1. Using just the C-alpha positions of the stretch 32-165 as equal point scatterers, what log10 of I(q)/I(0) does the Debye formula give at each q in 0.15, 0.19 1/Å?
2. Please arrange Met73, Met256 by counting, for each residue, the other beta carbons lying within 10 Å of its beta carbon, fewest first.
3. Please compute the length gained on full extension between Ser293 and Ser276, using 0.36 nm multiplied by the number of residues separating them and subtracting their Cα-Cα distance.
4. In nanometres, what is the gap between the two model label sites at Leu238 and Arg102, each 7 Å from Cα along Cα-to-Cβ?
5. Using the alpha carbon gyration tensor of the stretch 102-176, what are the three equivalent-ellipsoid semi-axes (square root of 5 times each eigenvalue), largest first, in whole Å?
6. Helix-only mean residue ellipticity at 222 nm, the chain, DSSP H runs n ≥ 4 weighted -39,500 (n - 2.57), per residue, nearest 500. What is it?
7. Quote the Stokes-Einstein diffusion coefficient, in whole µm² s⁻¹, for the stretch 239-302, based on the Kirkwood radius over alpha carbon pairs, a temperature of 25 °C and a viscosity of 0.890 mPa s.
8. Just want to confirm a number: the relative contact order over the stretch 192-326, from Cα pairs under 8 angstrom separated by 6+ residues, in percent.
Amino acid sequence: MTLPSRLAAPPEEAVRAFAEDVRRDLRLSPRQLQSKYLYDALGSALFEAICLLPWYRITRAEGRLLTRWGREMVAGVRGPVALVELGCGSGEKVSLIAGQLRERQRPIPIHLIDISPAALELSEKNLGKIEHVSVVGHRATYEEGLRRAARERPEGSTLLVLFLGSNVGNFDPPYSQMFLEEIRAALRPGDALLLGADLVKPEAELLLAYDDPLGVTAAFNKNLLQRINTELFADFDLSAFDHRAVWNARERRVEMHLVSRRRQDVTIARADLALSLEAGESIWTESSYKYESAEILRLGAGAGFRPAGQWIEPDARFALTLFAAP
Ligand code: AVI
């Protein structure tokens, strides 16, 4: 019997890359861990729970925009269309867009790209329930997955790339620009990119979203230490760390940190690393950049796209922007 990949041990080369990154990033000053490692099976499930929290409004705001304006968004893209979702989450959003295309074409090819097998499995299961779609999952980095999807596109079809949920916000600005340039380079004239990005809003609202009263975001953050304990044979004491969310107004980002409650020593056997943390010393685990709407248009234009429409959810302050590849 084979286990579902969500329950199976990660492949050896993935563990090796994780160990190398952890070894390098924890020796930086300030100490860091990459946010992509938050998404093991438990981390992905906790993120799904975050999306349901009343204080984390991104997912619902984006869903409202897709439901209300999805028809208009896809009208701007000449068909037949193949959808490519970068970082697929639960598959709900791509299914909203597919729903808008159903009257126009059948079947609708959907490529899901994610490095997390848990996220791919969940999306494939959810999308399997809807009719007239043909789903291909790619367990790959966004760049590699997009190249594969572009290679496999049906002749004469247009690609609509979805990069939703403000995933772009987890990239540092020079990298987000570079990343959009890479997307542009993989596309042909007439293809399009739909980009979801969270907008700047009052600090109190942002802090509640990233440090919720139920402690789900704290669990999501601390699970990264638990993942290191399990996969890299470490001895982090989770109860000796506090989750902290900070609004860095100058950089316009919410930062997540894990703050050591006391002086402590930690050993990470598979990363060949011994750490001494001071009381109050923090490990920086994620940045979540917030944008102004005009800045998103400039980001796309700077990568060679032509802005083709922008829709803003006024309550939660979230933007979906459609870019065309000229
Ligand atoms: C996936 N990403 C867009 C989320 C965000 O808002 O930056 C991850 C997250 N971190 C804490 N809560 C949610």
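1. For the stretch 32-165, the Cα-only Debye profile gives -0.72, -1.13.
2. With the sparsest Cβ surroundings first, the list reads Met73, Met256.
3. Extra length available between Ser293 and Ser276 comes to 1.9 nm.
4. My value for the distance between the label points is 4.0 nm.
5. Calculated on Cα positions only, the semi-axes equal 23, 16, 12 Å.
6. -12000 deg cm²/dmol
7. The diffusion coefficient I find is 173 µm²/s.
8. So the answer I get is 29 percent.
Laboratory data are not the source of any read-out in this text; all were calculated from the coordinates shown. These numbers were taken from a predicted model, which means no experiment stands behind them. Counting neighbours? That spans all protein chains shown, and the Cβs are built from the backbone with ideal geometry, glycine included.
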